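Structure, as structure tokens:
The values are calculated or read from the model by the stated rules, or taken from the named source; none is laboratory data. On a predicted model such as this, the values are computed, not experimentally measured, just so you know. Counting neighbours? That spans all protein chains shown, and the Cβs are built from the backbone with ideal geometry, glycine included. These area figures cover heavy atoms from the full protein model, side chains too; ligands, DNA and RNA do not enter into them. Shrake-Rupley method; radii C 1.70, N 1.55, O 1.52, S 1.80 Å.
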Amino acid sequence: MIRQLLLLLLYVPLLYAHHPAMVPLTRPPMGWSTWYAFALQINETRVLEMAHVLKEEGFLAAGYSLIWLDDAWSAPARDRYGRLYGDPDRFPHGIPWLVKELDTMGFSLGLYGNAAARTCAGYPGQLGHEYVDAQTIADWGVRAWKYDNCGHIDGKVALNIRGASSEGLDARPLPFVPGGGAWGEQGEVFPWPL
């Protein structure tokens, strides 16, 4: 474990040096994820209520500035142009509105995605839509992207930060912090293709 951590600490600066869309971090991204409190039962009211609690209880001041919407934030299907959008019943004002609301409170919004055709819960995944999804979330002002690996292809990690998602994020004017998950199914995390 120590060897893996040391290798990761050595590898991360090289990753940032070769990828302009990533932000060099002075500390790990800290925040709150909808998954642990609400799993698939998320909506904009719950998210904003939690943001107010985090701010009032001093978490924001302590550096917990990222609010992650995990699986089930999007509509069950893409729009007619093939783009993701927030579920209109659970996020009636839309994701760009939520980004602005959280920003006025001092938080950044992070979203969940998946490297396969569907997310773990069956919502639209990024496979084949990496570029357009990266552009969409960039246009919305989303600051972080958790990229999961449910339904991976042929037992291989489908995540490729240097691929189409990367190209879509390279033009992004705001800092962007990617995240990833493999559920331990693919062994070591640091040898993923970046």
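Of the trypsin sites (Lys or Arg not before Pro) found in the range 68-150, those that fall in a DSSP loop while having at most 11 other beta-carbon atoms within 10 Å are 80. Sparse packing (at most 16 other Cβ atoms within 10 Å of the Cβ) combined with a DSSP loop state is found for the following GluC sites (Glu not before Pro) in the range 32-66: 57.
Across the protein chains, with a 1.4 Å probe defining accessible surface, the residues 59, 107 rank 59, 107 from largest area downward. Modelled spin-label separation between residue 139 and residue 118, with each label point placed 7 Å from Cα along the Cα-to-Cβ direction: 2.7 nm. Under the simplified labelling scheme, the residue 75-residue 45 pair shows an inter-label distance of 2.2 nm, with each label point 7 Å from Cα along Cα→Cβ. Taking other residues whose beta carbon is less than 15 angstrom from the beta carbon of residue 45, and scoring Lys, Arg as +1 and Asp, Glu as -1, yields -3.
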